[in-house]
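Novice: Before anything else, here's the structure in question.
The values are calculated or read from the model by the stated rules, or taken from the named source; none is laboratory data. These figures come from a predicted structure and were not determined experimentally. Cβ placement follows ideal geometry from the backbone for every residue including glycine, while neighbour counts extend to all protein chains displayed. Ligands, DNA and RNA are excluded from the accessible area calculation, which covers all protein heavy atoms including side chains. Shrake-Rupley method; radii C 1.70, N 1.55, O 1.52, S 1.80 Å.
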Amino acid sequence: MKYISTRGNAPELNFEDVIITGLAADGGLYVPETWPQLSPDQIRSFASMPYCDVAYEVMMPFVDGAIEDNVFKDIIAEAYAGFSHPAVVPLKEMRPNEWILEIFHGPTFAFKDVALQVLGRLIDHVLEKRDERATIVVATSGDTGGAAIEAFRGCSHADVFVIYPHERVSEVQRRQMTTASEDNVYNIALKGTFDDCQALVKAMFNHSAFRDNLKLSGVNSINWARIMAQIVYYFTSASSLGAPDRLVRFCVPTGNFGDIYAGYAAGKMGLSIDKLTIATNMNDILERVVRTGRYEVLGVTPTASPSMDIQVSSNFERLLFDAHGRDSESIVRLMSSLSKSGAFTIGPEALRNINDDFDAVRTEEEETLKTIADVYASSGVMIDPHTAVALAGSRCDNQNDNIANIILSTAHPAKFPDAVEKATGHKPHMPPELSALFDLSERFSVLPNDLETIEGFIEANARANRSN
Ligand SMILES: *Cc1c(COP(=O)(O)O)cnc(C)c1O
């Protein structure tokens, strides 16, 4: 399997290089050159298979021999051994034809573990084999940072620098990052928004001397392996509800468009999906673009679902690439308009292509809290605010048919205890792993939103820096 850049001006890579490289040298994102196809019989067979076996079958065509089969199988088994639920990603029925898919049973209680537990092991394996050291830089709206630290803490081949927006993440999220005591972990609390964090990471990748000197590697969802590992649960959940003989619809709380793009990839690989619904909070750039074709960056408003407080949604570029018939010149044009004027407009044909696969809904803050309260009152189940944004969106989009509605439940309610308590009047039960964080000391550096300062901080600390 070859990987190509959405902007058409970076070398084609194999799987091993694509996971180490992260962002393409032309500023684009890597995508597989073709979509592997799974047959209806194969998809049907997933219903009775353990999660790790399905994971192997879905991901194997993307790895395509770049990692030995037995090594890859071990990586999958180890990655999911740390999940607390035997089904790894259990489905919970809420009402007739409505299910939530709990993808948060990994070590940091948000779905980012599903991919990062695999990706961390893959990167470590490749670095070990090459006898190399890398510097991992991560922008996070809250959950990716903790999951990346969990995946790389103590790793002798990589230092990890997490950049999160200062005072815009929940206390649990912050403590999951800042209490890591390993000396290969650095936390930067940036005076800015998540979009600023992400822009800095992209700028560092586009600064070739810095990138090469520090051997930068990225584990944000710009990294193809993140998407790859998330495709799996679209297949496991749909097949266990009757696919390919029954249609499914997914509603996904969306920020950087990585998770829902994995659902789109599952569709490209042969899963019959009626619609993928993009659920946003008030930071609704994706809802607006799907409705109107105009992608326009407005200010970010902090909400109860901070992991979705995003305006510049990186992985949307991967969808745009397909929607424009994989014409990279169109993507270069749109992206240059975005960087010049903070906006672009999608032509009617490309927008039609997007609308064939996607719906979009925006959930207001009151509706999010009301949904948490309603679900608790009717079923005793506590859901987190991100899940609530999607559940509310799915319910308002609800159609009376026999299609199975699957809502992705992306975080454990205890990660956002204040919002849950505000909605239900009760504190969610704190798992001991999370309450233990409140007794540990924290380590982080508050830094200004300035590329030179951030690069200087990383240069001074990273062991991969040749001039150190
Ligand atoms: C990251 C995150 C999201 C958004 O996922 P994207 O892949 O960025 O669209 C939603 N909910 C939670 C809890 C998250 O951590």
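Novice: How many of the residues making up the range 152-178 are over 19 Å from Phe438 (Cα atoms), open to solvent by 10 Å² or more (accessible area, probe 1.4 Å) and either assigned to a helix (DSSP H, G or I) or of a type in the set (A, V, I, L, M, F, W, C) (or both)?
Specialist: Residues in the range 152-178 being over 19 Å from Phe438 (Cα atoms), open to solvent by 10 Å² or more (accessible area, probe 1.4 Å) and either assigned to a helix (DSSP H, G or I) or of a type in the set (A, V, I, L, M, F, W, C) (or both): 1 in total.
Novice: What are the pairs, 6+ residues apart or on separate chains, where a residue within the range 290-303 that is without any contact (Cβ under 8 Å) to a residue 24 or more places away in the chain has its Cβ under 9 Å from a residue that is open to solvent by less than 30 Å² (accessible area, probe 1.4 Å) and not in a loop (DSSP other than H, G, I, E, B)?
Specialist: Matching pairs, first to second residue: Thr292/Leu351; Leu298/Ile285.
Novice: Sticking with this structure for a sec: Inside the range 166-183, can you point out the residues that are modelled with pLDDT of 95 or more and touching a helix residue (DSSP H, G or I) at 6+ places or on another chain (Cβ under 7 Å)?
Specialist: The answer is Arg175, Gln176, Met177, Thr179, Ala180.
Novice: Look at Gly242 and say whether it is within 13 Å of the ligand (Cβ to nearest atom) and either basic (Lys, Arg) or over 24 Å from Phe72 (Cα atoms) (or both). Even if it seems obvious, please write down each step before you answer.
Specialist: Working: within 13 Å of the ligand (Cβ to nearest atom): no; either basic (Lys, Arg) or over 24 Å from Phe72 (Cα atoms) (or both): yes.
The answer is no for Gly242.
Novice: Using beta carbons and a limit of 6 Å, which pairs, at least six apart or on different chains, have the first residue in the range 54-79 and over 23 Å from Glu150 (Cα atoms) and open to solvent by 30 Å² or more (accessible area, probe 1.4 Å) and the second one among the polar types (S, T, N, Q) and modelled with pLDDT of 95 or more?
Specialist: Here the result reads none, with nothing in the range 54-79 linked to a residue that is among the polar types (S, T, N, Q) and modelled with pLDDT of 95 or more.
Novice: Ok, one more. Looking only at the range 57-85, how many residues end up being under 21 Å from Arg44 (Cα atoms) and not acidic (Asp, Glu)?
Specialist: Going through the range 57-85, the residues under 21 Å from Arg44 (Cα atoms) turn out to be 57-62.
Those still in the list that are not acidic (Asp, Glu) too: 58-62.
So the count comes out to 5.
Novice: Quickly run through the range 17-32 and pick out the residues that are closer than 23 Å to Ala266 by Cβ and part of a helix (DSSP H, G or I).
Specialist: Val18, Ile19
Novice: Within the range 179-193, is even one residue closer than 30 Å to Ala304 by Cβ, touching a strand residue (DSSP E or B) at 6+ places or on another chain (Cβ under 9 Å), touching a residue at least 12 places away in the same chain (Cβ under 8 Å) and part of a helix (DSSP H, G or I)?
Specialist: Scanning the range 179-193, I find no residue that is closer than 30 Å to Ala304 by Cβ, touching a strand residue (DSSP E or B) at 6+ places or on another chain (Cβ under 9 Å), touching a residue at least 12 places away in the same chain (Cβ under 8 Å) and part of a helix (DSSP H, G or I), so the answer is no.
Novice: Evaluate the range 337-348: report whether one residue or more is within 24 Å of Ile227 (Cβ to Cβ), in a helix (DSSP H, G or I) and open to solvent by 50 Å² or more (accessible area, probe 1.4 Å).
Specialist: From the range 337-348, those within 24 Å of Ile227 (Cβ to Cβ) are 338-339, 344, 346; that's our starting set.
Now drop any that are not in a helix (DSSP H, G or I), which leaves 338-339.
Now restrict to residues that are open to solvent by 50 Å² or more (accessible area, probe 1.4 Å): 339.
Yes, the range 337-348 contains a residue that is within 24 Å of Ile227 (Cβ to Cβ), in a helix (DSSP H, G or I) and open to solvent by 50 Å² or more (accessible area, probe 1.4 Å).
Novice: Among the residues of the range 204-235, which ones are over 23 Å from Phe152 (Cα atoms), open to solvent by 20 Å² or more (accessible area, probe 1.4 Å) and touching a residue at least 40 places away in the same chain (Cβ under 8 Å)?
Specialist: Asn206, His207, Ser208
Novice: Which residues, taken from the range 280-302, are over 17 Å from Gly192 (Cβ atoms) and either aromatic (Phe, Trp, Tyr) or not in a helix (DSSP H, G or I) (or both)? Outline the logic, then answer.
Specialist: Within the range 280-302, the first condition is being over 17 Å from Gly192 (Cβ atoms), and the residues that meet it are 280-282, 284-296.
Residues satisfying the conditions are Thr280, Asn281, Met282, Asp284, Gly293, Arg294, Tyr295, Glu296.
Novice: Follow-up. For Ala110, only one of the following conditions fails: (1) of a type in the set (A, V, I, L, M); (2) at pLDDT 95 or above; (3) within 16 Å of the ligand (Cβ to nearest atom); (4) under 28 Å from Glu455 (Cβ atoms). What is its number?
Specialist: Only one criterion in (1) of a type in the set (A, V, I, L, M); (2) at pLDDT 95 or above; (3) within 16 Å of the ligand (Cβ to nearest atom); (4) under 28 Å from Glu455 (Cβ atoms) is unmet by Ala110, namely (4).
Novice: Here is a further query. Being under 23 Å from Leu338 (Cβ atoms) and within 15 Å of the ligand (Cβ to nearest atom) narrows it down to one of Thr254, Thr277, Thr292, so name that one.
Specialist: On the way: Thr277 fails: under 23 Å from Leu338 (Cβ atoms); Thr292 fails: within 15 Å of the ligand (Cβ to nearest atom).
Only one candidate passes the filter, namely Thr254.
Novice: Let me ask something additional. Just one of the numbered conditions (1) within 12 Å of the ligand (Cβ to nearest atom); (2) open to solvent by 10 Å² or more (accessible area, probe 1.4 Å) is not true of Pro302; which one?
Specialist: (1)
Novice: Scan the range 105-145 residue by residue and report those that are of a type outside the set (A, V, I, L, M, F, W, C), crowded, with 24+ Cβ neighbours inside 10 Å and assigned to a helix (DSSP H, G or I). Steps first, please.
Specialist: Here is the first cut: in the range 105-145, the ones of a type outside the set (A, V, I, L, M, F, W, C) are 105-108, 112-113, 117, 120-121, 124-125, 128-133, 135, 140-145.
Still in the list and also crowded, with 24+ Cβ neighbours inside 10 Å: 106, 108, 112-113, 117, 120, 135, 140-145.
The answer is Lys112, Asp113, Gln117, Gly120, Asp143, Thr144, Gly145.
Each row is one residue, and each column tells you yes or no for (1) closer than 15 Å to Arg95 by Cβ; (2) open to solvent by 50 Å² or more (accessible area, probe 1.4 Å).
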site	(1), (2)
Asp384	no, no
Ile407	yes, no
His412	no, no
Lys415	no, no
Ala419	no, no
His426	no, yes
Glu442	no, yes
Pro448	no, yes
Ala460	no, yes
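Novice: Which one is farthest from Leu276 (Cα to Cα), of the residues in the range 311-336 that are open to solvent by 10 Å² or more (accessible area, probe 1.4 Å) and in a loop (DSSP other than H, G, I, E, B)?
Specialist: The selected residue is Asp327.
Novice: Please work out if Ser48 is small (Gly, Ala, Ser), open to solvent by 80 Å² or more (accessible area, probe 1.4 Å) and within 18 Å of Ser237 (Cα to Cα).
Specialist: Numbers: small (Gly, Ala, Ser): yes; open to solvent by 80 Å² or more (accessible area, probe 1.4 Å): yes; within 18 Å of Ser237 (Cα to Cα): yes.
Spelling it out, Ser48 is indeed small (Gly, Ala, Ser), open to solvent by 80 Å² or more (accessible area, probe 1.4 Å) and within 18 Å of Ser237 (Cα to Cα).
Novice: Report those helices (runs of 4 or more DSSP H) wholly inside the range 357-468 carrying at least 3 residues which are farther than 15 Å from Ser305 by Cα and of a type in the set (Gly, Ala, Ser). Lay out the reasoning, then the answer.
Specialist: On the way: elements: 365-379, 385-396, 417-424, 432-435, 451-461.
The helices (runs of 4 or more DSSP H) meeting that bar are 365-379.
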